[in-house]
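Chemist: For reference, the structure I am asking about is given below.
The values are calculated or read from the model by the stated rules, or taken from the named source; none is laboratory data. Note that the structure is a prediction, hence the values are computed from the model and not measured. Glycine also receives a Cβ, built like all others from the backbone with ideal geometry; neighbour counts cover every protein chain displayed. For the accessible areas, the whole protein counts, side chains as well, though only heavy atoms, and no ligand, DNA or RNA atoms are used. Shrake-Rupley method; radii C 1.70, N 1.55, O 1.52, S 1.80 Å.
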Amino acid sequence: MKELSVEEVRKIQLELLSFIDKVCRENKIEYSLAGGSLLGSQRHKGFIPWDGDIDIMLRRDYYEQLMMLLTDSNGVYKLHYYKNDIVYQNYAKFYDNRTVLKSFKDQMYNKRIGVHIDIFPQDFLPDEIKERRRFLKEVFNLSEALVSTGFPAYISGTKWYYQFARIFLRFPLFIKYHGKNRMIAEEMDKLMQNYYGNYTKELGFLSSKYFTKEHFPKEIFETYEDVPFENLTVRKIKQHELYLKQLFGNYMQLPPKKERVDHEFYKWFWKEGKL
């Protein structure tokens, strides 16, 4: 199989984002660039040069609508989502099925999906700090159960010694939960919506890599606007400053040069038969 260049990967990611943007605009669904993609839109007008991801986020009601619409989409684009696939994380990926990912470090997705963008639901969190910590720990425990439903998925890690440790640490969970992927994924999805409609004050992605920083006033997910991203015009929350400062601090300042690296978790290939 032929490996994709960085330019080819980014072109496909932008095409995926453009497709989602069109679907959302046609169906009056609001979404926003998220994480490093939202930061990139403000600091670089597109991709962070050393970061190859595109992330978007949606309030839970919009997220559910988008999942239904993307599940029904035809053509080369596919939705990796617990209702139509085996998943090991509690968010969706939208990918180009002409391509395939290869990774020794990420056994959750190795040879299973292609070039993609990540789609994160934003759910309500408890207002009271002690209750929030208890709830997020419950989410974390179920996340561990979900990834442990499959092997070699449960040994995924960014370093070889993480993978080695997880062989032993997650093995009891694998014995308990293997073969129960759909059941745990459904339980996880239900748990994440536990506070939906309870009029709590904040939203966030409940399994965020930003941990305790990932909670924002629900009001910032009520107003949106267009923003340039590379050659596209896409959507973002209007109050992006509050979001970005909370996650990144002085987000317009470039990090030290030693931190401007792509961790190269993945390699991407055209599937056989692609010209």
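Chemist: Test of understanding: among LYS28, LYS93, which residue is open to solvent by less than 10 Å² (accessible area, probe 1.4 Å) and within 19 Å of VAL234 (Cα to Cα)?
Modeler: Only one candidate qualifies: LYS93.
Chemist: Within region 40-63, which residues are open to solvent by 30 Å² or more (accessible area, probe 1.4 Å) and assigned to a loop (DSSP other than H, G, I, E, B)?
Modeler: HIS44, LYS45, PRO49, TRP50, ASP51, ASP53 - these are the residues of region 40-63 that are open to solvent by 30 Å² or more (accessible area, probe 1.4 Å) and assigned to a loop (DSSP other than H, G, I, E, B).
Chemist: Test ASP123 against the stated conditions and say whether it is of a type in the set (Asp, Glu), part of a loop (DSSP other than H, G, I, E, B) and either on the phi > 0 side of the Ramachandran plot or open to solvent by less than 80 Å² (accessible area, probe 1.4 Å) (or both).
Modeler: No: the conditions fail for ASP123.
Chemist: Against the conditions (1) open to solvent by 10 Å² or more (accessible area, probe 1.4 Å); (2) free of Cβ contacts under 8 Å to residues at least 40 places away in the same chain; (3) in a strand (DSSP E or B), where does VAL100 fall short? Just the number, please.
Modeler: VAL100 satisfies every listed condition except (2).
Chemist: Being modelled with pLDDT of 95 or more, among the aromatic types (Phe, Trp, Tyr) and open to solvent by less than 80 Å² (accessible area, probe 1.4 Å), is that true of even one residue in region 151-164?
Modeler: No; the residues of region 151-164 include none that is modelled with pLDDT of 95 or more, among the aromatic types (Phe, Trp, Tyr) and open to solvent by less than 80 Å² (accessible area, probe 1.4 Å).
Chemist: Another question, then. Just to be sure, is GLY204 among the small types (Gly, Ala, Ser) and surrounded by fewer than 17 Cβ atoms within 10 Å (Cβ to Cβ)?
Modeler: Answer is no for this residue.
Chemist: Which ones in region 179-228 are out of contact with any strand residue (DSSP E or B) (no Cβ under 7 Å at 6 or more places or on another chain), more than 20 Å from ILE119 (Cα to Cα) and of a type in the set (Lys, Arg)?
Modeler: Within region 179-228, LYS180 is the sole residue that qualifies.
Chemist: Quick test for you: out of TYR251, TYR224, TYR195, pick the one residue that is open to solvent by less than 40 Å² (accessible area, probe 1.4 Å), under 18 Å from ILE48 (Cα atoms) and either aromatic (Phe, Trp, Tyr) or in contact with a Ser or Thr (Cβ under 9 Å, 6 or more places away or on another chain) (or both).
Modeler: Answer to the selection: TYR251.
Chemist: Also, quick follow-up: Out of (1) in contact with a helix residue (DSSP H, G or I) (Cβ under 6 Å, 6 or more places away or on another chain); (2) not in a loop (DSSP other than H, G, I, E, B), what's the single condition that is false for ILE86?
Modeler: (2)
Chemist: Can you tell me how many residues in region 173-197 are within 15 Å of ASN90 (Cβ to Cβ) and hydrophobic (A, V, I, L, M, F, W, C)?
Modeler: 6
Chemist: For residues in region 64-90 being touching a residue at least 40 places away in the same chain (Cβ under 8 Å) and farther than 28 Å from ASN141 by Cβ, which is least open to solvent (accessible area, probe 1.4 Å)?
Modeler: Per the criteria, the residue is LEU70.
Chemist: Ok, one more. Can you tell me which residue in region 126-144 is nearest to LEU173 (Cα to Cα), limited to those that are open to solvent by 80 Å² or more (accessible area, probe 1.4 Å) and hydrophobic (A, V, I, L, M, F, W, C)?
Modeler: Among those that are open to solvent by 80 Å² or more (accessible area, probe 1.4 Å) and hydrophobic (A, V, I, L, M, F, W, C), it is PHE140.
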